[in-house]
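The values are calculated or read from the model by the stated rules, or taken from the named source; none is laboratory data. These numbers come from a predicted model, not from an experiment. All Cβ positions, glycine included, derive from the backbone under ideal geometry; neighbour counts span all protein chains shown.
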Amino acid sequence: MSDTDTEDTLPERLPLDAWHRDHGARMVPFAGYEMPIQYAGEHGGIVAEHNWTRQSVGLFDVSHMGQLTVSGEGATAALETLLPGALSTLKPGNMRYSLLLDENGGILDDLIVTNISRDGVEEFYIVVNGAVKWDDIAHLREHLPDDIVLNHMADQALLALQGPKAAEVLDSIFPGVAEQLSFMQGTGFEWEGVMIGVGRSGYTGEDGFEINCPASHVVKLADLLVADGRVNPVGLGARDSLRLEAGLPLYGHDLTTETDPVSAGLLFALTKSRRESGGWMGHGPVAQVLAEGPKQKRVGLTLEGRQPGREGALVFSGDTQVGTITSGGFSPTLGHPIAMAYVDAEFTQEGTPLDVEVRGKRLPAKVAPLPFVPHRYHRKGA
């Protein structure tokens with residue numbers, strides 16, 4: 001998933017805080033926590049960690065994210081009043097990317113929801129962004145019926161194991177996980193006397209898994225994972241460059257309450273039948289954008305040279321400002337700068353020449369398809 005920084009308060013510490021420091025992490029404030037941005041050592045540094053994840057396996061600590069469960073009779077229908085995806089057709093063990101919208105169709109957060117119902121009890125496991133998790137919890141509590149139980153799993157850590165060798169590594173700890181799970185499927189394992197949740201997902205564009213684990217056991221699990229020579233710890237810096245190459249939006253930057261799902265290019269998160277039937281918060285304004293077409297769209301941009309266009313850089317066609325970059329950086333995989341921007345709809349066709357203003361200079365750019373680097377998810381039947 002994706003986050004933003006919070007206001008000036010003392011940052012919290014992750015369950016793995018000492019572990020990160022012992023492994024040479026440089027810690028920075030992020031989303032209300034002290035987080036590792038990169039590590040020292042032979043395979044440390046943002047570019048090295050990025051490339052290692054593309055070639056082998058990176059271990060990311062994403063315990064700052066909010067982990068919630070929503071359960072009780074009618075939980076499916078209740079959540080469908082707040083999320084635009086169809087949960088009634090989401091089978092137990094399956095996951096879905098979705099959005100939390102406000103009444104104007106603005107995006108409050110993006111999230112992953114997993115159906116963990118069993119024995120006739122409706123229950124969903126939801127991972128939300130760390131920087132807005134308290135806002136999300138308040139929003140859900142306000143709008144869910146009183147008899148629906150919302151539980152914040154505050155004592156759980158969350159790790160992401162990402163890269164082309166992730167399945168082999170995890171299979172050595174949880175035998176059968178690679179064969180059992182395809183992209184966007186989840187299950188549970190008993191390990192060391194506790195239950196571990198594993199979902200085949202992530203935010204790097206690579207095959208991988210997200211693993212929720214009691215905080216009491218996460219040091220032991222992290223040690224076991226990095227003891228495998230194919231695994232190295234990876235920080236926020238490479239997490240950001242990986243998700244940018246994968247064309248994945250970051251909440252608070254590419255997605256905000258000022259953006260709607262249509263303009264953001266997230267129509268797949270609106271189940272087709274529910275786009276028409278409605279019944280979810282924000283449906284009216286979103287339906288209007290669908291009918292009229294968005295004024296701006298999120299697009300990819302490739303820039304010439306080595307200098308990247310960062311968030312907030314203005315995009316021009318000739319002398320006319322036509323957009324703004326929301327995420328940008330240098331792509332280690334492609335060897336040139338890339339960015340995501342919201343651009344006026346008439347300038348969004350692939351190959352359209354534009355300019356990005358960086359430090360008073362105009363840098364040539366072109367509209368490019370997303371993702372910049374193809375996804376390598378392990379899909380069912382692949």
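Table for the structure above
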| item | result |
| --- | --- |
| In the range 277-330, the residues that are without any contact (Cβ under 8 Å) to a residue 24 or more places away in the chain and either under 19 Å from Gly85 (Cβ atoms) or within 22 Å of the chain's Cα centre (by Cα) (or both) | Ser277, Gly278, Ala287, Gly312, Thr324 |
| Criterion: of a type in the set (Gly, Ala, Ser), out of contact with any Gly (no Cβ under 9 Å at 6 or more places or on another chain) and surrounded by fewer than 16 Cβ atoms within 10 Å (Cβ to Cβ) - qualifying residue of Gly293, Gly284 | Gly293 |
| Criterion (among the basic types (Lys, Arg), surrounded by fewer than 18 Cβ atoms within 10 Å (Cβ to Cβ) and touching an Asp or Glu at 6+ places or on another chain (Cβ under 7 Å)) met by exactly one of Arg13, Arg26, Arg21, Arg118 | Arg13 |
| Only listed residue being at pLDDT 95 or above, closer than 19 Å to Leu144 by Cα and not aliphatic (A, V, I, L, M), chosen from Thr89, Thr69 | Thr69 |
| Single residue of the range 189-216 satisfying the filter (without any contact (Cβ under 8 Å) to a residue 40 or more places away in the chain and within 21 Å of the chain's Cα centre (by Cα)) that is surrounded by the fewest Cβ atoms within 10 Å (Cβ to Cβ) | Ile196 |
| Any hit, the range 126-136, residues being more than 16 Å from the chain's Cα centre (by Cα), among the small types (Gly, Ala, Ser) and surrounded by 22 or more Cβ atoms within 10 Å (Cβ to Cβ) | no |
| Within the range 296-348, considering residues that are in a loop (DSSP other than H, G, I, E, B) and polar (S, T, N, Q), the one surrounded by the fewest Cβ atoms within 10 Å (Cβ to Cβ) | Gln307 |
| Check on Val47, assigned to a strand (DSSP E or B), among the aliphatic types (A, V, I, L, M) and surrounded by fewer than 21 Cβ atoms within 10 Å (Cβ to Cβ) | no |
| Some residue of the range 331-348 being among the small types (Gly, Ala, Ser), farther than 23 Å from Tyr251 by Cα and out of contact with any strand residue (DSSP E or B) (no Cβ under 8 Å at 6 or more places or on another chain) | yes |
| The range 1-52 - residue that is polar (S, T, N, Q), closer than 20 Å to Thr204 by Cβ and out of contact with any helix residue (DSSP H, G or I) (no Cβ under 6 Å at 6 or more places or on another chain) and, of those, modelled with the lowest pLDDT | Ser2 |
| Test: Ser331 is among the small types (Gly, Ala, Ser), modelled with pLDDT of 95 or more and within 24 Å of Lys295 (Cα to Cα) | no |
| Residues that are at positive phi and either buried (at least 16 other Cβ atoms within 10 Å of the Cβ) or not in a loop (DSSP other than H, G, I, E, B) (or both), drawn from the range 66-108 | Gly72, Gly93, Gly105 |
| Test result for Arg274, crowded, with 16+ Cβ neighbours inside 10 Å and more than 23 Å from Thr204 (Cα to Cα) | yes |
| Count of residues meeting criterion [within 15 Å of Gly265 (Cα to Cα) and in contact (Cβ under 8 Å) with a residue 40 or more places away in the chain] in the range 342-371 | 10 |
